[in-house]
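Sending over a structure as structure tokens; questions will come in a sec.
The values are calculated or read from the model by the stated rules, or taken from the named source; none is laboratory data. Every value quoted in this text rests on a predicted model; they were computed, and no experiment measured them. Virtual Cβ from ideal backbone geometry, glycine too; neighbours counted across all protein chains shown. In case anyone asks, the SASA skips ligands and DNA or RNA and just uses the protein heavy atoms, side chains included. Shrake-Rupley method; radii C 1.70, N 1.55, O 1.52, S 1.80 Å.
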Amino acid sequence: MARWNKERRLLDHEHTTIWQHRLIDVDQPNLMREIFPYEEIARIDFDHKFVMPSPPKQMLITDTTFRDGQQARPPYSVRQIVEIFDMLNKLSGPRGIIRQSEFFLYSNKDKEAVQSCMERGYMYPEITGWIRAKAEDLPLVKDLGLKETGILTSVSDYHIFFKMGGNRQKIMDQYLGIVKAALDLGVIPRCHFEDVTRADTYGFCIPFALELMKLRQEYGIDVKIRLCDTLGYGVPYAGAALPRSVPRLIRAFIEDAGVPGHLLEWHGHNDFHKVFINGTTAWLYGCGAVNGALLGFGERTGNTPIEALIIEYIAFRGQNDGIDTTVITDIGRYFEKELNYQIPHNYPFVGKDFNATSAGIHADGVLKNPEIYNIFDTEKILKRPLTITITDKTGRAGVVHWLNSRLNLAGEARVDKRHPAVVKINNKINDMYEAGRITSISNEEMESLARKYLPEYFVSEFDLLKAKAEHLAAALAEELAEHEAIRSMDPVRQEPVMQATLDANPFIQFMYITNLDGQKTTRNITHITDRAKYETAHMDEDLSNRDWFINPLKSGKVFVSDFYTSRFTGALCITVSVPIRNEEDEMQGVLGLDIRFKDLAKMERDGEI
């Protein structure tokens, strides 16, 4: 039969039920060894069949920063998830271009993060879940009040036969069972077609999608499909063959499985450096959403960077739809300062040097007109003024430009080219070139010179680490002081909780509680290796003259000491103390923790905290 296509203004051929694709069950897995030889690099083959681009009515982005993105780094804290979620909301803009964000649902922390983000009350990104293809996981979705969840439905024979130990028919029936269970609960299922670029497109994927569309029609509830390029095998090339062709895959699901484009998502990985181009190609051929993560975090080589998708979306649309692109810079700074993630200097849009011009002749051009070598007005669009890399030709004007740009100085805070430090830096640069240097001065070298001659403009890495360590230790002490057993002021109840906290946080070397008279009421809570060193710290010892005791009682707030050398262990320490309050918020004692700074700083830097 034929149906009128109002967009193309022609009759489209529409397959009848007799013509529909059916599952092809096989006894042995089809591993497509001619394309995926394993012991050699996978082939890219062509069948010279071309399809026309046909973008969806609305290009959207979905987020997996807290799901796939969290599998590639130390887990975020609940606070960090909420703060990143706030930035995703800002970046999404008033039209909700970042439409959804998916979360794990299994641990108590996962659930707390979902609830905390839901309490924000944002329309976008909508919060969705992710579960295995198991019915027992569905109550997690329903209990949290989520409207949609992803379901892992692996589709290649590699997964069906080797990981799941079944055959195509058995596994499809299993998937359809969990989808029906979700629909029975009124939950929108989003089936993640894992490893779709190594799967039998017409022998399994399209027949499975057809069954999903039948369920959509039967229940009157949307069923979504996420096409997962799990190993990054997808290619954007015109004329490339299935299953690796991104254009052909998108059109196959739309035209041969009857999946509306707005129910399709593309989820890619960067194993072959194609994650971004594959995602945008999926958009161009009708896929409604591209799934990505902030800064491209994701398992192994990573996912499509959301900030790049935002820029490309604006480029396709020719307008920004109210999106505040400067949030991209806020996100980059947050990941560096809050999460201690070292973004590569040349990483697009957020790297320290992404808009720095290095060649001497280029720097000269930039000083005359920034449009010559800048991709766009990075100061307006990303709050990132153009920077240049210094040569002997840039002079003091170039040095001043570099300093003010790198240090984000404006107005009266800007460094003047007559500043003595600028003169000294410029002289040092000239000395290098007089000695025979021919390459430009790197940003690392310039920063070293700036730190030497303008130290007042820099916070040392040690100071930053110290502040971070103090913040972490203070948060731990405040949380512990709220524990019911600690608030009881009963040493029998307090000591096991304190010991468990110390065991879980090996950077704590000593813990203690005093009453309001400054007398220690608990035994020495310390590591067994240090126990003998604390023999002189007796019960009922009067500690009322100590700063860590006096200050919390005066201010009612957490107190963090300066550095000192522990008289017990000889380690460099800080002490954190906090008032203990009863149910009426009356202070009744002080909790103290002696922290080995070196251990805390190392664990924090390594992402263990």
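Here are 230, 197: which of them is modelled with pLDDT of 95 or more, of a type in the set (S, T, N, Q) and open to solvent by 10 Å² or more (accessible area, probe 1.4 Å)?
Exactly one of 230, 197 is modelled with pLDDT of 95 or more, of a type in the set (S, T, N, Q) and open to solvent by 10 Å² or more (accessible area, probe 1.4 Å), namely 230.
Results for (1) farther than 22 Å from residue 445 by Cα; (2) open to solvent by 30 Å² or more (accessible area, probe 1.4 Å); (3) in contact with a strand residue (DSSP E or B) (Cβ under 9 Å, 6 or more places away or on another chain); (4) of a type in the set (Phe, Trp, Tyr), shown as yes or no for each residue.
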| residue | (1), (2), (3), (4) |
| --- | --- |
| 330 | yes, yes, no, no |
| 338 | yes, yes, no, no |
| 342 | no, yes, no, no |
| 348 | no, yes, yes, no |
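Each row is one residue, and each column tells you yes or no for (1) in contact (Cβ under 8 Å) with a residue 12 or more places away in the chain; (2) open to solvent by 10 Å² or more (accessible area, probe 1.4 Å).
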site: 484; (1), (2): no, yes
site: 488; (1), (2): no, yes
site: 491; (1), (2): yes, yes
site: 496; (1), (2): no, yes
site: 505; (1), (2): yes, yes
site: 509; (1), (2): yes, no
site: 513; (1), (2): yes, no
site: 517; (1), (2): yes, yes
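Between a first residue in the stretch 68-83 that is among the charged types (D, E, K, R) and a second residue that is open to solvent by less than 30 Å² (accessible area, probe 1.4 Å) and at pLDDT 90 or above, which pairs have beta carbons less than 7 Å apart while being 6 or more apart in sequence or on different chains?
Here the result reads 68/293; 68/298; 68/303; 73/297, each pair linking the stretch 68-83 to a residue that is open to solvent by less than 30 Å² (accessible area, probe 1.4 Å) and at pLDDT 90 or above.
Is there any pair with a first residue in the stretch 560-585 that is under 16 Å from residue 470 (Cβ atoms) and in a strand (DSSP E or B) and a second that is aromatic (Phe, Trp, Tyr) and open to solvent by 50 Å² or more (accessible area, probe 1.4 Å) whose Cβ atoms are under 9 Å apart and which are 6 or more apart or on different chains, and what are they?
Qualifying pairs under 9 Å: 572/563; 572/564; 573/563; 573/564; 574/563; 574/564; 575/564.
From the list 190, 251, 168, pick out the single residue that is over 22 Å from residue 33 (Cβ atoms), open to solvent by less than 10 Å² (accessible area, probe 1.4 Å) and of a type in the set (Lys, Arg).
Only one candidate qualifies: 190.
Shifting gears a bit: Would you point out the residue of the stretch 124-161, among those that are under 23 Å from the mean Cα position of the chain (by Cα) and hydroxyl-bearing (Ser, Thr, Tyr), that is farthest from residue 96 (Cα to Cα)?
149
If I filter the stretch 200-223 down to residues being of a type in the set (Phe, Trp, Tyr) and out of contact with any Leu (no Cβ under 7 Å at 6 or more places or on another chain), which single residue comes out as surrounded by the fewest Cβ atoms within 10 Å (Cβ to Cβ)?
202
Could you say whether any residue in the stretch 276-289 is at positive phi and open to solvent by less than 40 Å² (accessible area, probe 1.4 Å)?
For the stretch 276-289, residues at positive phi and open to solvent by less than 40 Å² (accessible area, probe 1.4 Å): present.
Quick one: residue 209 ticks every box in (1) without any contact (Cβ under 8 Å) to a residue 40 or more places away in the chain; (2) in a helix (DSSP H, G or I); (3) out of contact with any Gly (no Cβ under 6 Å at 6 or more places or on another chain) except a single one, so which number is it?
(1)
So the check is Cβ under 8 Å with 6+ separation or different chains; which pairs have a first residue in the stretch 89-111 that's closer than 18 Å to residue 145 by Cβ and free of Cβ contacts under 8 Å to residues at least 24 places away in the same chain and a second one that's open to solvent by 30 Å² or more (accessible area, probe 1.4 Å) and part of a loop (DSSP other than H, G, I, E, B)?
Listed pairs, sorted by first residue: 110/104.
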